[in-house]
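*Asks:* Dropping a structure here in structure tokens format, bear with me for questions.
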Amino acid sequence: MLRVDIEKQLGEFSLSASFSSEGRVIGLFGASGAGKSSLVNMIAGLLRPDRGTIAIDGETVDDTAAGIHVPTWRRRIGYVFQDARLFPHLNVAQNLDYGRRMNGLASDPAQHKRVVELLDIGALLDRRPGKLSGGERQRVALGRALLSKPRLLLLDEPLGALDEGRKLEILPYLVRLRDEANVPMVYVSHDVAELRQLATQIVMLKQGRVTSLGGVKVLT
């Protein structure tokens, strides 16, 4: 599903990571500054590796030796950030539809209904983002990413800006997403409890290097 073997120099910081995974949820774990977000940005195509390869679903999207760099918009990746990044002037329904329209996808009412029910956001469709709680905004951001029909979903500390109550509110939706949405995920976090609940495989990063790779037991 995902194969990464890259090197990247970012100022004084050196990132060198190599792993492959077939897991439903790859938990990318490490302290702040370990290189997690930089690695995810390379998978997304927002950063180019200095050396190496990245392959998604058997398609090589980066290969520095062969001069391959597939642009972000062609990678079919959904990206959910710590802050939901919804458009404030659009209501929830319009925000949800944005990813589909930007990717030139045909309307799919059945999928739209499934995603809205999966994330329990049907009652929010007419609201603007400013009228939503932090947890509601993240659920809408997840919905928007899913409706772009990605082959991979990247979640970069999606609960990082939420208080404990909101985290507990949204975690069950992420578990449901893992079990029902059938879209593999890379989930970035420095929270062990989150990853124990969600991840099926862990990639542990420390100072830009992969130090452990395996099941959630590597977090103990």
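The values are calculated or read from the model by the stated rules, or taken from the named source; none is laboratory data. Fair warning: this is a prediction, and the values are worked out from it, not measured in the lab. Because the Cβ atoms are built from the backbone with ideal geometry, glycine has one as well, and the counts that use them run over all protein chains shown.
*Asks:* Please go through (1) closer than 29 Å to residue 56 by Cβ; (2) touching a Pro at 6+ places or on another chain (Cβ under 9 Å); (3) without any contact (Cβ under 8 Å) to a residue 40 or more places away in the chain for residue 116 and return the number of the only condition it doesn't satisfy.
*Replies:* Against the list (1) closer than 29 Å to residue 56 by Cβ; (2) touching a Pro at 6+ places or on another chain (Cβ under 9 Å); (3) without any contact (Cβ under 8 Å) to a residue 40 or more places away in the chain, residue 116 comes up short only on (2).
*Asks:* Sticking with this one: Are any residues in the range 184-197 over 17 Å from residue 81 (Cα atoms) and surrounded by 19 or more Cβ atoms within 10 Å (Cβ to Cβ), and if so, which ones?
*Replies:* Those that are over 17 Å from residue 81 (Cα atoms) and surrounded by 19 or more Cβ atoms within 10 Å (Cβ to Cβ): none in the range 184-197.
*Asks:* Please go through the range 157-183 and give me each residue that is in contact with a Gly (Cβ under 7 Å, 6 or more places away or on another chain) and surrounded by 16 or more Cβ atoms within 10 Å (Cβ to Cβ), ordered by number.
*Replies:* 162, 166, 169, 170
*Asks:* Here are the criteria: (1) without any contact (Cβ under 8 Å) to a residue 12 or more places away in the chain; (2) surrounded by 17 or more Cβ atoms within 10 Å (Cβ to Cβ). Tell me which single one residue 217 does not satisfy.
*Replies:* With respect to (1) without any contact (Cβ under 8 Å) to a residue 12 or more places away in the chain; (2) surrounded by 17 or more Cβ atoms within 10 Å (Cβ to Cβ), residue 217 is out only on (2).
*Asks:* Additional query: When you scan the range 1-95 for strands (runs of 3 or more DSSP E) that lie fully inside it, which ones turn up with 2 or more residues that are modelled with pLDDT of 95 or more and either surrounded by 16 or more Cβ atoms within 10 Å (Cβ to Cβ) or among the small types (Gly, Ala, Ser) (or both)?
*Replies:* In the range 1-95, 2-10, 13-21, 25-29, 51-56, 59-63 are the strands (runs of 3 or more DSSP E) which contain 2 or more residues that are modelled with pLDDT of 95 or more and either surrounded by 16 or more Cβ atoms within 10 Å (Cβ to Cβ) or among the small types (Gly, Ala, Ser) (or both).
*Asks:* Turning to a different aspect of this structure: Please count how many residues of the range 160-193 are in contact (Cβ under 8 Å) with a residue 40 or more places away in the chain, closer than 17 Å to residue 32 by Cβ and not hydroxyl-bearing (Ser, Thr, Tyr).
*Replies:* Going through the range 160-193 one residue at a time, the tally reaches 5.
*Asks:* Let me ask something else about it. From 99, 104, 143, which residue is without any contact (Cβ under 8 Å) to a residue 12 or more places away in the chain and either surrounded by 13 or more Cβ atoms within 10 Å (Cβ to Cβ) or not hydrophobic (A, V, I, L, M, F, W, C) (or both)?
*Replies:* Sole residue among the options that is without any contact (Cβ under 8 Å) to a residue 12 or more places away in the chain and either surrounded by 13 or more Cβ atoms within 10 Å (Cβ to Cβ) or not hydrophobic (A, V, I, L, M, F, W, C) (or both): 104.
*Asks:* Can you tell me which of 129, 109, 88 is touching a Phe, Trp or Tyr at 6+ places or on another chain (Cβ under 9 Å) and more than 26 Å from residue 27 (Cα to Cα)?
*Replies:* Sole residue among the options that is touching a Phe, Trp or Tyr at 6+ places or on another chain (Cβ under 9 Å) and more than 26 Å from residue 27 (Cα to Cα): 129.
*Asks:* Take residue 157 and tell me if it is touching a residue at least 12 places away in the same chain (Cβ under 8 Å) and on the phi > 0 side of the Ramachandran plot.
*Replies:* Yes.
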